[in-house]
Each structure stands twice: as structure tokens, then as C-alpha cells.
Amino acid sequence: MVIANHINKAFLEKQVLRDVSFHIKEGERVGIIGVNGSGKTTLMQILMGVLLADSGYVRVAGEKSWERQGKRKTRIGFVSPRQSNLHPDRTVEDSVNLCKKMYPKAWKVSESDLESIDYVKECLKIKDIWKEIRSSLSLGERMRAEFLYAVMMNPHLLIMDEPTTGMDYEMRTREYECLDYFRKCHKDMPVTVLLVTHSIQEMEWLCDRVIAIHHGQIIFDGALEYLQQRYLSLGKICFEIEEGALHFHDMPINKYEMDGKRVQIIFDKRYVSANIILQQLMEEAVIKKIRVLDMDMETMIRNLYQENQSPSSKP
Amino acid sequence: MEEKGEEILNRTVIRVENLGKDYQIRKRTERFWKDIFSRQYEVKKAVEDVNFEIAEGEIVGYIGPNGAGKSTTIKMLTGILQPDRGQVFVNGIQPGKCRVDNAKNIGVVFGQRTQLWWDIPVKDTLHLMKHMYHIPEQTYQENLKLYSDILGLGEFMHLPVRQLSLGQRMRADIACAILHNPQILYLDEPTIGLDIFVKENVRGFIHEINQKKRTTVILTTHDMSDIEKLCSRVMVIDQGRIIYDGSLLDLREQYGHMESIEAKGVWDDVFLEEIKRLPSVSVTQEENQIMIQYDSRKVDSDKILFLLMKNQRICDIKVHEQSLDGIIKQLYVCKEVRENGIFRVY
């Protein structure tokens, strides 16, 4: 679906993308992560044909993305908080109708398509904002309308640049439900999704592959599980001591913290599993309110970036 | 508010009494001409009967779904909107009536907008702010140095704002809002669209400002990790009414009792039946992985874990507490709360 080979892009002297290459198959759901200013948005803009790469080979669905834009526009759905597809001074309804009129060829939809669009409308509560003018919408509300607009034309590729900014938790989950539903409706050709986000949770909900970009270079490309295994090796156990005393020194743990009754233990999952520690704990004391958690995902991302500090990026 | 016997150590800086705000929404019908000549309006209550007090030095998280009335409340507190009913006092001033006086006391950051000049360097905007707020030279230099150190403004101080990345812009925006040592800082989604490093930096900064200058912070956000890291007190608003006001810990204790255990291993049916017999426990199995959900008020995690431990063939265990997102979601749907009125734990 998407082929990118050795893309380079610079704004004046500032090199934004360095030798970026990846292939995305049809129907894949890929998450792209990176710190602010790492080149994610530039990459998306190159894929959409808004920007031209300085060098390299880009093909989206077998075509050059910067040619024949009119035809392509209906085949790529795009959601972003920074750029809006909707008309600023018109209602959401008008924008949607205008789109239908502008691309009559693409707007040949079957019953089932209409049904899925209705589902999206219902699920994201678009009725409430249907007759509102775009500029009067809050960001969260606008993003819901943008999402509808993007999937409406039944695109082959959906590029979502932080699609849930400003939305509350409930709506976020619903948006991903919608996407799932949408993909189920088109089983023969499920939409390929490129998701740019800072939220690991959303990535877990949607993606089966993660690409991490740092200083314009790809530093990780693979399954999310693999990323977790490699960079998320620490686990955490929290509990309260009811009776007895514990001796932490002879336990296979990295460190512990005690705050009155509450205790927190950090251990390395590569060397010891949680149940061994728990067993030892329970033999020695009566403990309550036990929690066994992974270190948070943010730690994982931090490890990932720290390992890949490229020397060329430093001034 | 019931606060007899409770000594308020800190001075109250914000007092809100029976606050209400309506919006008129024009009803549109299908008939165009009729619409033009006779306009009909619908009154929507954006905020209704909101009461709270905030003491000096508190960091309060103000959360609610889209369209719940968060921004409307903040706008009334900053004086952008006039309340329709009730009163607001910020430092004893009514912000709607004395906007200029009020503006000297507060700093505001709206995450989706910016108050920096688009085309001029950050430095110049800050300089402009100095003159606008009549900040003495010494305070200006001190603050500038302090904020540059913590927020790392130095590297992009000379760049025009349009060339900054989102993270840099947000840091500059916060520095700009707090340059005149305001007593109260309103932050409306300050971490929107930021990566984890900048997020941490911003959170650290807010914490430090709060500690050093005893700035009162009111924070609205959809990112629950912000709340968990920063706020001691949360207010939850839904459909214009405050449905929870209390500490984060109490919120967890009152609503966060659905917990879950994930475990990998080899399971036999007899064993699983034994677990299922415990009160409020439900088990779902997927090949060698099982997921046990239970209510922590009825059964403690150690009982289940003890049972699991007896089974020698397990290799990985995780015990999760309910996520804050889940708790808040539960709060929105929880009817009891609505019927009994507001829960106050303070």
C-alpha cells in the first residue's frame, strides 16, 4: 500500500528526515510515535503529497502521491487537529454534502456503506454537532466530525494524526470501536491505517505494528509486543503489610520502597517472574491489597529513545 | 458547604456560589423563510448550580467530558464570560466586573491557542508582557532566568513562534502566562499533543511553581496521568453540574473497586471452578491466559492470589487496579450520585 525508500527532507539547513524507508502492506494498522519535532508530521505530509521529498522513492497505492491529487483525495482519508477538512464557516452537514457533490464518482456507495456511516454518526454522537458551524465547535467535537469526514468516502488509506486530541476517554474508545466496525464492514479490503499518536494506550487498541521516529530516523519498526518485551522489562509489586516482617535482602529484586504499611517492589521480569516473589512474600507475612503492574509505558518509550540518542543530532 | 469543625489553614482564593450560565441556541427548522422572520431559541444550561472553594496553593484537577461545562466555568473565572446566576469571587474581586484588576492576579494557558505573537521571537513577546503587566525589571530578570532553567527556553528564545514545534511553543506559552507572578494559574489542557518528555517537563514545572510561589493551579485535562501526577483534589463536572469534589484517593476508594488479575499458566477446570465460587468473581479464559475480575470490597486480591499460588503451573501474573479513566467513566453513568446530589468528601 505504502512504499517509502530512502526519503530525505530538509527545511533550509535543518535536516528533518534522514533516509527513512518502510513498506506497509494492505490492511495493516501502523502506529507512528516520536517526540515533538521528530519529523512525524512531515512524513505524513510527504505521503499525502502536500510536501515533496528532496530525494527518495514514495508510492502510495502504486502511484506518486503528488500527482493527480483530485482523484487521490477520495482514496486517502486524513484526520488532523492542525488542518481541517471541513469548511470553517459552514455547518458540518454542509461540508459533508459539499464533499459528496465534489466527488460524485467516489460517492457511489452501497447500502452497507450507508449503514456503517450511520453507525459512526450514532456512535460518535455527531447528531449533536450536525447543524453547528465548524468554527463554533470545540476541538473534541471538531475531531469527531473530521473522523466522519475522513472515513465517509470509504478510503483505502486512512492517515490519522493525533485523531483524538481534545476528546474525553469515552469518545476515544468509541472512535476506535467505529474504526473496528468500519474495517469489519469492508472485509474484502480493510482500510490501511497510519496512526500518529503520543498515547500508547491508543496504539495498543489499534495497531499491530509500531514505527518509532527519532530525529528524523527510524529507530524501531516492529510489533508492539516485541517493543514491550525488549524495553519494558521492569515490573512493579505494591502491597500493604498486615502482619509479620519482611526481609528484602535475600529476594531477587532490584529495589524496594517502604512508606508505613505500603511497600513497593521493583523487579526485572527477565530474571524472575512475579509469582516467585509473591510466593516468598506470602510465606513470610500477611499482605493485602496486592498489585502487580508493569512499569508504565512511558518508561518504555523513554528507554527506547535513550538507547537511540544519535550523536549527529546533538549541536 | 459543610465545613464546621474543619479548620481552613489556607486562605480561600476562589469562591464560587450557585454559579449558572445559559446559552441560547437558535433552533433551525427546515423552512428557510420562516426561519429568517421568526427566530426561535432554545435555552441550554451550560453550567448549573456550581459551588466550590479553592484555597491558596492547591492544585485542582477539573475534569469532565466534552461539552460538560468545563471551559465555560474557566471562562467565568477568568472574566471572559459574565455569569447569569450566582457569584464568583477571585481574591475578593468579581472577575466579570473588574477584568483588568483580575487579569493582574491570574495567568491563563489554553492548550489549543497561544498568546505569543506568531511572527516575532519568543524573547520579544516576553518583553512585551513585561511592559503590559508593569513587571519590575528585577522580578522580570529573576523569573526569566528561573523559567529558562526549568523549561529550557534558552535554545529557542530567539526563534519566531511559527518556527517552534508544539512542545516548544507550549513551554514558551506557560512561561509567558506566569511571568508576572500571578497567584492563580488556569491551565486548559496544557499537555495536549505533547510527547512524554515535554509533558513531564511541563508537569514538573507546574509542580515547582506551585511549591515555590504557592501558586494556585486549576487544571482541566483529558489526560488522567496529568491528574494522577499533579492533583491532590479533583472536581468532576458533567452536564453542567459538579458530580464529585474530593481527593483523588477517596475517588479511588469509593469507585475504584473493580480489579482484575491476569495470569498465564496451565489450568484445570476444577481449579477454575474453585475460583469462580468466590463472591463477585468472574473468569474469562483464553488458551493458557486467564483474566479474573472481582470486586475488591467483597474479596481481597490476596485470597485469589493465594489460590493461584497453590497452582504450581503458573508463570506470569499481573494484578491491575481500575484505571482512573474507568473510574471517571463509571462516575458519569453512576445514577446514585446524581440522585443523591453531590458527593463531598472534604
* Asked: What does the helix-only formula give at 222 nm for chain B: each DSSP H stretch with n ≥ 4 adding -39500 (n - 2.57), the total divided by the residues, and the result rounded to the nearest 500 deg cm²/dmol?
  -> -10500 deg cm²/dmol
* Asked: Summing Lys, Arg as +1 and Asp, Glu as -1, what charge do residues with Cβ under 10 Å from the Cβ of residue A:231 carry, residue A:231 excluded?
  -> +1
* How high is the relative contact order of chain B, given as a whole-number percent (alpha carbon pairs under 8 Å, six or more residues apart)? -> 18 percent
* Asked: What's the angle, to the nearest 10 degrees (0 to 90), between helix B:324-333's Cα axis and the longest principal axis of chain B?
  -> 90 degrees
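Quick one: if the Förster radius is 25 Å, what FRET efficiency do residue B:43 and residue A:119 give, using the C-beta to C-beta distance and rounding to 0.05?
Details: r = 32 Å, r/R0 = 1.27.
E between residue B:43 and residue A:119, to the nearest 0.05, is 0.20.
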* Asked: Out of B:76, B:132, B:309, any idea which swings most in a Gaussian network model of chain B, alpha carbons joined below 10 Å?
  -> B:309
* On Cα atoms only, tilt of B:196-213 relative to the major axis of chain B in degrees -> 60 degrees
* Roughly how crowded by other chains is peptide A:157-167, in terms of the mean Cβ count from those chains within 10 Å of each of its Cβ atoms? -> 2
* Listed highest first by mean packing, meaning other Cβ atoms within 10 Å per residue, what order do A:180-191, B:101-112, A:245-256 come in? -> B:101-112, A:180-191, A:245-256
* Asked: What is the average number of partner chain Cβ atoms found within 10 Å of a Cβ in B:188-199?
  -> 5
* To do: Mind giving me the nanometre distance, one decimal, between the label points for residue A:283 and residue B:33, set 7 Å out from Cα along Cα→Cβ?
  => 9.1 nm
* Most mobile of A:60, A:193, A:151 in a GNM of chain A (Cα contacts under 10 Å) -> A:60
* To do: From other protein chains only, count the Cβ atoms within 10 Å of every residue's Cβ in A:267-280, then give the mean.
  => 3
* Asked: Gaussian network model of chain A, Cα springs within a sub-10 Å range: biggest mean-square fluctuation belongs to which of A:144, A:82, A:302?
  -> A:82
* To do: Hey, for a label at residue B:274 modelled as a point 7 Å past Cα toward Cβ, could you say which residues of segment B:286-307 have their backbone N under 15 Å away?
  => B:303-307
* To do: Give me the angle, in degrees from 0 to 90, between the Cα long axis of helix A:274-284 and the longest principal axis of the Cα atoms of chain A, rounded to the nearest 10.
  => 30 degrees
* Tell me the label-point distance for the pair residue B:213, residue B:119, using the 7 Å Cα-to-Cβ offset, in nm and rounded to one decimal. => 3.0 nm
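Given chain B, report the % of alpha carbon pairs whose separation exceeds 24 Å. Don't skip to the answer; put the middle values down first.
Details: 38745 of 59685 pairs.
Summing the P(r) tail past 24 Å for chain B gives 65 percent.
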* Asked: What does the charge dipole of the protein assembly as shown about its Cα centre add up to, to the nearest 20 debye, if the Cβ of each Lys and Arg holds +1 and the Cβ of each Asp and Glu holds -1?
  -> 2580 debye
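Report, in listed order, any pair from B:104/B:130; A:40/A:187; B:27/B:97; B:70/B:104; A:261/A:289; A:125/B:21 with a Cα-Cα distance greater than 19 Å. Don't jump to the answer; show the numbers that get you there.
Numbers: B:104/B:130 12 Å; A:40/A:187 29 Å; B:27/B:97 31 Å; B:70/B:104 23 Å; A:261/A:289 11 Å; A:125/B:21 23 Å.
Beyond 19 Å: A:40/A:187; B:27/B:97; B:70/B:104; A:125/B:21.
Report the Rg/Rh value for segment A:233-294, based on alpha-carbon coordinates and the Kirkwood definition of Rh.
Details: Rg = 10.6 Å, Rh = 11.5 Å.
Result for segment A:233-294 is an Rg/Rh of 0.92.
The numbers here are math on the coordinates, done by the rules we state, and not lab data. It should be emphasised that the depicted structure is a prediction, and the values quoted were computed from it without experimental measurement. In this analysis, Cβ positions are derived from the backbone assuming ideal geometry, glycine residues included, and neighbour counts consider all displayed protein chains.
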